[in-house]
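Down below is the structure, laid out as structure tokens.
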Amino acid sequence: EKGGHDYFMLKEIQEQPTAVADTLLGHFTGGKIVLDEQRLSDQELRDVDKVFVVACGSAYHSGLLAKYAIEHWTRLPVEVELASEFRYRDPVLDRSTLVVAISQSGETADTLEAVRHAKEQKARVLAVCNTNGAQIPREADAVLYTRAGPEIGVASTKAFLAQVTANFLVGLALAQARGTKYPDEVAREYADLEAMPALVERVLESVEPVRALARELASSPTVLFLGRHVGYPVALEGALKLKELAYMHAEGFAAGELKHGPIALIEDGLPVIVVMPSPKGRAVLHSKLLSNIREIQARGARTVVIAEEGDEAVRPFADHLIEIPAAPTLFQPLLSTVPLQVFAAEVAQTRGYDVDKPRNLAKSVTVE
Ligand code: F6R
């Protein structure tokens, strides 16, 4: 049942191309993005003037990624907040606010209470969920199911990639309803998304060097992760995976924050994993990251760089280079997250831990 793997999680990492493809399947029909359940009228969707994304843990990181896409495609302001914070605040919501609640289990206590908190103030709720008929989708006005299939490993992998994918569909559905994207533009974005599973597959085919590197770094006291733009939530997710699976201290930082504190942590031999943006995307993003890597390398960091194939400029600064295929900027996280999952799983196994059942953690957090 583990498909020849020692752990479910390792099988689930391999299943990610299918999780992404299945999540997309059937959601673009008749030239339109369609959700699974929609108890909101087209007019209500058009009237949305603000989006809040609420979630916990990895689902929250998928929400951070959603902000880049939704704001870019719809020009709607998007706030992303931990459900546990949102539910005890007094957020400004009304009937034209859309609250997107993301949850693999659909039963996470804080996310469910955030949904209820939102509904009390008449906000509309859209659930992104991996579990049919769970409580969160039941209480939502609209639902988009991630179709990752059951996830047994406690740490989220395929469900995370499916959430990232589903969030893109939510963004496209809003852009379509608001008319901020022409139908042919929506079709093009969807086609680009459909090309992603094959690219995820290619990343999976080339992760052996990542495993070797993980074994080499398995006794490191800490690992830092740096990213900018969509690479920033990827850095947070990479650090979370390492903490929960390998019980290793790890922190993700926005690369632009280096000089505001984290650079003081850099010392000889400290592993820093950097997520590079595409050199074909916004030039400024790429060049800023290059100078960040140069700075940390000059201070002795051991740089592990995830970069697009053919990114020659980054080579001199990468002590270890992990190449991923080219992809549209917004969709790159579907690729760059994968080596980080593999890395964390391999460090954990090298340290002798059960990656399916990390200590102190439960798959579904139904109590606060
Ligand atoms: C991390 C992880 C957790 C969950 C979080 C939310 O690998 O699995 O951080 O992402 O507990 O769970 P759901 O998505 O079920 O609400």
So the carbon and sulfur contribution to the accessible area of region 77-142, 1.4 Å probe, in percent, is 44 percent
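Report the far tail of the P(r) of region 220-260, meaning the percent of Cα-Cα pairs longer than 15 Å. Don't jump to the answer; show the numbers that get you there.
Working: 287 of 820 pairs.
I get 35 percent for the Cα pairs in region 220-260 exceeding 15 Å.
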GNM of the chain, Cα pairs under 10 angstrom: of Leu25, Leu204, Leu236, the biggest fluctuation goes to Leu25
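Indicate the gyration tensor shape class of region 60-126 (rounded, prolate or oblate), computed on the Cα atoms with a ≥ b ≥ c the square roots of the eigenvalues: a/c under 1.5 is rounded; otherwise a/b larger than b/c is prolate and the rest oblate. Before the final figure, lay out each step's value.
Numbers: a/c = 1.84, a/b = 1.21, b/c = 1.52.
The shape class here is oblate.
Sort the following peptides by mean Cβ neighbour count (other Cβ atoms within 10 Å, averaged over residues), highest first: 249-262, 309-322.
Details: 249-262: 17.4, 309-322: 15.6.
Final packing ranking: 249-262, 309-322.
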Rounded to one decimal in Å, the inverse mean reciprocal Cα-Cα distance for the chain, i.e. its Kirkwood radius, is 20.6 Å
Quick calc: nm separation of the 7 Å Cα→Cβ label points for Asp184 and Thr350 -> 5.1 nm
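For region 189-249, which GluC sites (Glu not before Pro) are both in a DSSP coil and crowded by at most 13 other Cβ atoms within 10 Å?
Numbers: sites: Glu189, Glu194, Glu201, Glu205, Glu216, Glu237, Glu244; in loops: none.
Passing sites in region 189-249 do not exist.
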Debye calc, one equal point scatterer per Cα of region 197-309, no solvent, log10 I(q)/I(0) at q = 0.13, 0.18, 0.21 1/Å comes to -0.49, -0.95, -1.27
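Which of the peptides 136-144, 294-302 is most tightly packed, and how do the rest follow, judged by the mean count of other Cβ atoms within 10 Å per residue?
Put in order of decreasing packing, that is 136-144, 294-302.
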One finds the C-alpha centres of region 1-62 and region 323-344 to be spaced, in Å, by 17 Å
By the Kirkwood definition, with r running over pairs of different Cα atoms, region 253-295 has a hydrodynamic radius in Å of 11.2 Å
Taking a ≥ b ≥ c as the square roots of the eigenvalues of the Cα gyration tensor, with a/c under 1.5 meaning rounded and otherwise prolate when a/b exceeds b/c and oblate if not, region 35-79 is oblate
Under a Gaussian network model of the chain whose springs join Cα atoms within less than 10 Å, the largest fluctuation of Val34, Val274, Val234 belongs to Val34
Full extension between Gln121 and Arg46 adds, at 0.36 nm per residue less the Cα distance, a length in nm of 25.1 nm
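How much length would be gained if the chain were fully extended between Arg39 and Glu205, taking 0.36 nm per residue of separation minus their Cα-Cα distance, in nm to one decimal? Walk me through the intermediate numbers first.
Numbers: separation 166, 0.36 × 166 = 59.76 nm, distance 4.13 nm.
The Arg39-Glu205 span can extend by a further 55.6 nm.
Which helices, counted as full DSSP H runs in the chain, have an axial Cα extent of no less than 24 Å and a Kyte-Doolittle average of 1.6 or above?
Values: long enough: 57-74 (25 Å, -0.16); 158-178 (30 Å, 0.95); 333-350 (26 Å, 0.91).
Counting only whole DSSP H runs, no helix qualifies.
Distance cut-off 22 Å, Cα to Cα: go down the list Lys259/Lys288; Lys11/Lys357; Lys259/Lys280; Lys50/Lys259; Lys2/Lys363 and report the pairs above it.
Details: Lys259/Lys288 13 Å; Lys11/Lys357 14 Å; Lys259/Lys280 26 Å; Lys50/Lys259 33 Å; Lys2/Lys363 18 Å.
Lys259/Lys280; Lys50/Lys259, as the Cα separations exceed 22 Å there.
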Once both label points are put 7 Å beyond Cα along the C-beta direction, the Leu25-Ser291 separation in nm becomes 4.8 nm
Quick shape summary for region 321-368, equivalent ellipsoid via Cα gyration tensor, semi-axes whole Å in descending order, reads 28, 18, 5
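Return the percentage of antiparallel bridges among DSSP beta bridges fully within the chain, rounded to the nearest 5 %.
Values: 4 of 43 bridges.
Close to 10 percent.
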Label model pair His260, Glu71: point-to-point distance (7 angstrom along the Cα→beta-carbon line) in nm is 1.4 nm
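The values are calculated or read from the model by the stated rules, or taken from the named source; none is laboratory data. Bear in mind the structure is a predicted one, so any value in this text is a computation, not a measurement. Don't worry about glycine lacking a Cβ; one is built from the backbone with ideal geometry, like all the others, and counts go over all protein chains shown. Note: areas computed on protein heavy atoms with side chains; ligands, DNA, RNA excluded. Shrake-Rupley method; radii C 1.70, N 1.55, O 1.52, S 1.80 Å.
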